[in-house]
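Colleague: Got a structure for you, written out below as structure tokens; questions coming shortly.
Computed from the coordinates by the stated procedures, all read-outs in this text should not be read as laboratory data. Only a predicted model underlies this, so the values are computations on that prediction, with no experimental measurement involved. Counting neighbours? That spans all protein chains shown, and the Cβs are built from the backbone with ideal geometry, glycine included.
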Amino acid sequence: RTKDLIAIPAFVLVPIIIVSAIKFIGNKASYTAMKFIPISVVYILGLSSTVFTNILGVIIYHESVTPIKILGITLVVLSIIILFYERHHLKHLFNKYALFVILSAVFYSIGWLLDKSFGLNVDFFIFRFLYSVVNMVIFFMVDIDEMAEGHKAFNEKPKKLVIPLLVV
């Protein structure tokens, strides 16, 4: 296992970088939206990635369309309609940040589809490990300056030790 990790072929690393970048854009879009619209709106709109993933899976991978998939897609679409039916959420429907969340959902769907394509060529644990490392590198390259400027916690003396967890 160690020797597999040391000699990482380009056909493994390049797709992981691509998938990580795509999912990072999705994360960035939904995080930006959370600053400006209610989390309930962000979360329900984020579930639309299920719809996009299923539709793209049928189109690209020729996956079957089952009654359960149709029911799931219908429930997600209905939940979005019900959420925006409430008057106080309706103003967020035509907000550019709602578009950010939909864009995020599309990027997540594309990322999952690429995971299926690329992830089948390499051991699962190596794929997930490299994916986490690449995500951390992208995060530190892109977001650390913004976090340092915009988050007052970086300017204060820490009260507790917080250990970040890598989600794999």
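Colleague: Figure the gain on full extension for residue 125 and residue 99 (residue separation times 0.36 nm, minus the Cα-Cα span) and round it to one decimal in nm.
Modeller: Net length gain for the segment: 6.0 nm.
Colleague: With a point put 7 Å past each Cα toward its Cβ, work out how far residue 55 is from residue 40 in nm, to one decimal.
Modeller: Simple spin-label model gives 2.6 nm for this pair.
Colleague: Can you compute the FRET efficiency between residue 117 and residue 77 using 1/(1 + (r/R0)^6), with r the Cβ-Cβ distance and R0 = 22 Å? Round to the nearest 0.05.
Modeller: Efficiency, rounded to the nearest 0.05: 0.25.
Colleague: Whole-Hz Karplus ³J(HN,Hα) for segment 23-30, in order, using 6.51 cos²θ - 1.76 cosθ + 1.60 and θ = phi - 60°, x for Gly and Pro?
Modeller: 5, 5, 4, x, 4, 4, 5, 6
Colleague: Once the Cβ-Cβ distance between residue 133 and residue 31 is put in as r, and R0 is 22 Å, what FRET efficiency do you end up with, to the nearest 0.05?
Modeller: Calculated value: 0.60.
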